[in-house]
1. Return the residues of segment 33-61 that are buried (at least 18 other Cβ atoms within 10 Å of the Cβ), among the aliphatic types (A, V, I, L, M) and assigned to a loop (DSSP other than H, G, I, E, B); say none if nothing qualifies.
2. Considering each of Gly19, Gly32 in turn, give the residue that is under 21 Å from Trp111 (Cα atoms) and touching a residue at least 40 places away in the same chain (Cβ under 8 Å).
3. With respect to Ile77, determine if the residue is open to solvent by 60 Å² or more (accessible area, probe 1.4 Å), of a type outside the set (D, E, K, R), outside any helix (DSSP H, G or I) and under 28 Å from Ser140 (Cα atoms).
4. What tally of residues in segment 125-162 results from selecting those that are over 18 Å from Asn212 (Cβ atoms) and surrounded by fewer than 18 Cβ atoms within 10 Å (Cβ to Cβ)?
5. Any idea how many residues of segment 103-124 are part of a helix (DSSP H, G or I) and over 17 Å from Glu210 (Cα atoms)?
6. Conditions first: (1) under 29 Å from Leu173 (Cα atoms); (2) under 14 Å from the mean Cα position of the chain (by Cα). Glu245 passes all but one, so which condition is the exception?
7. Only one of these is modelled with pLDDT under 85 and on the phi > 0 side of the Ramachandran plot: Gly19, Gly57. Name it.
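The values are calculated or read from the model by the stated rules, or taken from the named source; none is laboratory data. Keep in mind it's a predicted model, so treat the numbers as computed, not measured. With ideal geometry, Cβ positions are generated from the backbone for all residues, glycine too; neighbour counts draw on all protein chains shown. Protein only, heavy atoms only, side chains kept; ligands, DNA and RNA dropped before computing areas. Shrake-Rupley method; radii C 1.70, N 1.55, O 1.52, S 1.80 Å.
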Amino acid sequence: MSLLFNEFLEYTNIIIVIGVKAFLLIVALLLGVAYLTLAERKVIGYMQLRIGPNVVGPFGLLQPIADGLKLLHKETIIPMAANKLLFFVAPILLFSLSLAAWAVIPFAPGWVFSDINVGVLYLLAISSLGVYGIIIAGWSSNSKYAMLGALRSAAQMISYEVSIGLILVSVLLCSGSLNLSDIILAQQNGWYAVKLFPLFVMYFISCLAETNRTPFDLPEAEAELVAGYHVEYSAFPFALFFLGEYANMILMSAMCTILFAGGWLAPFSHASIDWVPSVVWFLGKICVFLFIFLWTRATLPRYRYDQLMRLGWKVFLPLSLLGVVVVSLCIMLKGVA
């Protein structure tokens, strides 16, 4: 009996520790999302010779808090003809998936919630499930504009997931593992951003399309669709869509860092380093990719929908397939030699 009680206490302690770690990660991610919105407004403001938010708090640092409180205090409006259950399930599903993906992201050596051997497949599965949330949001609103935005977004995400998957195949061939930590360690002799530069560029552009960011923000085209699949949402449900989109931006930047920029490894590093500089390097690289996200939004115009689809199916798909063939041949010839 005492043995069972000791095992129960041990499992309880493990659950408590995991819960505390997950809570801290979620809080950090939410703060990162909040201040990413401020950084976006500041960066775009400076690029357009404006100041950006500078009234609420010193240097405008409390602006995200004020925006969040405003959304929480607004009235939640539900369309009369909407499916009320699915109407609320959609934003919760999208936001939950954007958090669940972080379970396999390694921040430093040993700093990962679940160091599974199929981490890449887990991330692909999580990102694919996001389409369901978008379709449910568009359909449950019972609005033509929301449904058109959902169909556009689903078609766009599915189209660019194909090229993302093929580019990942090339990375996996080079690293020889589906484990994200092993992929990072395989880049000790050179980042894949250099070795696979064309694929890296295609992957980042596909990440822009996957997250519905400029110049691929067609699902939210104001001129024809008002606000896309979340046009009928307000208050807290809309805030969940907003948080999910920016959390996905941070996730995609983390994926670019892990797959192509050496993860926690410092430049020209041939070995693992201590956890403090590892985390600093990892977060610093994420910030660089996020800045490119914001820079792209400030400078590029929106594509037409036919141009977006043509780029995905007629350009990226053949090139990513060619990349798999070339990488496979290089590895095979290297093994023969």
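1. Correct list: empty.
2. The conditions single out Gly32.
3. So Ile77 passes the test.
4. Of the residues in that region, 3 qualify.
5. The total comes to 3.
6. Evaluating Glu245 over (1) under 29 Å from Leu173 (Cα atoms); (2) under 14 Å from the mean Cα position of the chain (by Cα) leaves (1) as the failure.
7. Gly57
Results for (1) at pLDDT 85 or above; (2) of a type in the set (Lys, Arg); (3) open to solvent by 20 Å² or more (accessible area, probe 1.4 Å), shown as yes or no for each residue.
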{"site": "Ala223", "(1), (2), (3)": "no, no, yes"}
{"site": "Ala227", "(1), (2), (3)": "no, no, yes"}
{"site": "Leu243", "(1), (2), (3)": "yes, no, yes"}
{"site": "Ala247", "(1), (2), (3)": "yes, no, no"}
{"site": "Ala266", "(1), (2), (3)": "no, no, no"}
